Amino acid sequence: MSDRESLRAALARRVLVADGAMGTMLQGFDPSLEDFEGYEGCNEVLNATRPDVVAGVHDAYLSAGADCVETNTFGANWAALGEYEIAERIEELSLAGARIARERADHWSERTGRQRFVLGSMGPGTKLPSLGHVTFGVLRDGYRRNAEGLIAGGADGLIVETCQDLLQAKAAVLGAKDAIAAAGRDVVLVVQVTIETNGAMLLGSEIGAALGVIEPLGADVIGLNCATGPAEMGEHLRYLARHCKVSLSCMPNAGLPELTSDGARYPLGPDELAAAQVGFVEQFGVGLVGGCCGTTPEHISAVAQAVAERQAKTRRVVTVPGAASLYAHVPFSQDASYLAIGERTNANGSKVFREAMLAG
């Protein structure tokens, strides 16, 4: 296409549709152990060995009407590739994944006359810094390499997704922003947290804490993905719609998984997902919609048809100044008493504190 619209401009103008599940689609091609170079289950290796398979997944979603496709790089980070002892391939596999998605997106842009975009997928990995699994600096630097490869491969945006630990999310965002700054390109940054059925992230963070940590870091879009279906996301999206100053995204699973003799089954059909996403667009002003686990090209086709040409809704946002811990957002509001911010200490439970206290 001669007049190429930027992802940022498109998000401001209309509701965009992202793709659905990647892993299950790849499995449908039945890749061999040789395709994985012996690293069984490491989908990112397929970017190097079977670009045709990865391209086939992108084509299925682009044909279904997706405006954006995510790169096959969910695990192209220090922690996930480190499990296979190939962390040195972060940038290589990120670059390869972005190039495949870019080529297919450009092909469908030319074919249909509608601009398609590439979102560089940056997953949570397997190590949580808040639990001491890895230092913040190591994680941040690994994400920077991930983002550098994605940007060099032509990604229009980076999507830090399925965040379970706010410190991990912060490391990914800072690594991504370093890479964006170094590239000198306008790359949109999307950050999505995962809220479990108990109403909090894996480590206990509620949605207010997530917003309080992520928004000041400079994300362009903030939202939810994975863990649950759309029904369980409604109240968290309501909070974001009320308090988040940037654009919103939502990529739910196809319902809560049901265990069957054949494995996990996702019960939500295409029409049901589409109806839920239309509700989120109309009620909460969500501007980027798609699917996660259990969603297929059929789901994305239904969503794309349902939200076609809808304009991005302007929300009336109420800002609540405050601070966030790992768990909760605390507004800077005072009653008759004073507001104390500190850490509880115990002379019986901490020898270091007891000695410091005795020493004055």
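The values are calculated or read from the model by the stated rules, or taken from the named source; none is laboratory data. It should be emphasised that the depicted structure is a prediction, and the values quoted were computed from it without experimental measurement. Positions of Cβ are backbone-derived with ideal geometry, glycine not excepted, and every protein chain shown enters the neighbour counts. Areas reflect the complete protein model, heavy atoms only, side chains present, ligands, DNA and RNA absent. Shrake-Rupley method; radii C 1.70, N 1.55, O 1.52, S 1.80 Å.
Worth pointing out:
- Residue within the stretch 339-358 that is in contact (Cβ under 8 Å) with a residue 24 or more places away in the chain and either over 18 Å from Met233 (Cβ atoms) or not β-branched (Val, Ile, Thr) (or both) present: no
Residue by residue, here is whether (1) among the charged types (D, E, K, R); (2) out of contact with any strand residue (DSSP E or B) (no Cβ under 8 Å at 6 or more places or on another chain) holds:
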site: Asn146; (1), (2): no, no
site: Asp178; (1), (2): yes, yes
site: Thr194; (1), (2): no, no
site: Leu203; (1), (2): no, yes
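- Criterion violated by Ala60 - all others in (1) in contact with a Gly (Cβ under 8 Å, 6 or more places away or on another chain); (2) of a type in the set (A, V, I, L, M, F, W, C); (3) assigned to a helix (DSSP H, G or I); (4) open to solvent by 20 Å² or more (accessible area, probe 1.4 Å) satisfied: (1)
- Among the residues listed as Arg315, Arg310, the single one being out of contact with any Ser or Thr (no Cβ under 6 Å at 6 or more places or on another chain), under 20 Å from Gln192 (Cα atoms), of a type outside the set (Phe, Trp, Tyr) and modelled with pLDDT under 95: Arg315
- Close pairs from the stretch 135-158: first under 20 Å from Arg116 (Cβ atoms) and open to solvent by 20 Å² or more (accessible area, probe 1.4 Å), partner assigned to a helix (DSSP H, G or I) and among the hydroxyl-bearing types (Ser, Thr, Tyr), Cβ under 9 Å, at least 6 apart: Ala152/Ser94
Conditions tested, residue by residue: (1) in a loop (DSSP other than H, G, I, E, B); (2) at positive phi; (3) within 16 Å of the chain's Cα centre (by Cα); (4) surrounded by fewer than 20 Cβ atoms within 10 Å (Cβ to Cβ).
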{"site": "Gln168", "(1), (2), (3), (4)": "no, no, yes, no"}
{"site": "Leu174", "(1), (2), (3), (4)": "no, no, yes, yes"}
{"site": "Ala181", "(1), (2), (3), (4)": "no, no, no, yes"}
{"site": "Val190", "(1), (2), (3), (4)": "no, no, yes, no"}
{"site": "Glu196", "(1), (2), (3), (4)": "yes, no, yes, yes"}
{"site": "Gly208", "(1), (2), (3), (4)": "no, no, no, no"}
{"site": "Leu211", "(1), (2), (3), (4)": "no, no, yes, no"}
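- Among the conditions (1) under 19 Å from the mean Cα position of the chain (by Cα); (2) surrounded by fewer than 24 Cβ atoms within 10 Å (Cβ to Cβ), Ile86 misses just one, which is (1).
- Residues being surrounded by 14 or more Cβ atoms within 10 Å (Cβ to Cβ), in a loop (DSSP other than H, G, I, E, B) and either without any contact (Cβ under 8 Å) to a residue 24 or more places away in the chain or among the small types (Gly, Ala, Ser) (or both) - total across the stretch 326-338: 1
- Candidates Val45, Val118, Val54: the one that is in contact with a Gly (Cβ under 8 Å, 6 or more places away or on another chain), open to solvent by less than 50 Å² (accessible area, probe 1.4 Å), part of a helix (DSSP H, G or I) and β-branched (Val, Ile, Thr) is Val54.
- Restricting attention to the stretch 282-304, the residues that are closer than 14 Å to Val15 by Cα and touching a strand residue (DSSP E or B) at 6+ places or on another chain (Cβ under 7 Å) total 10.
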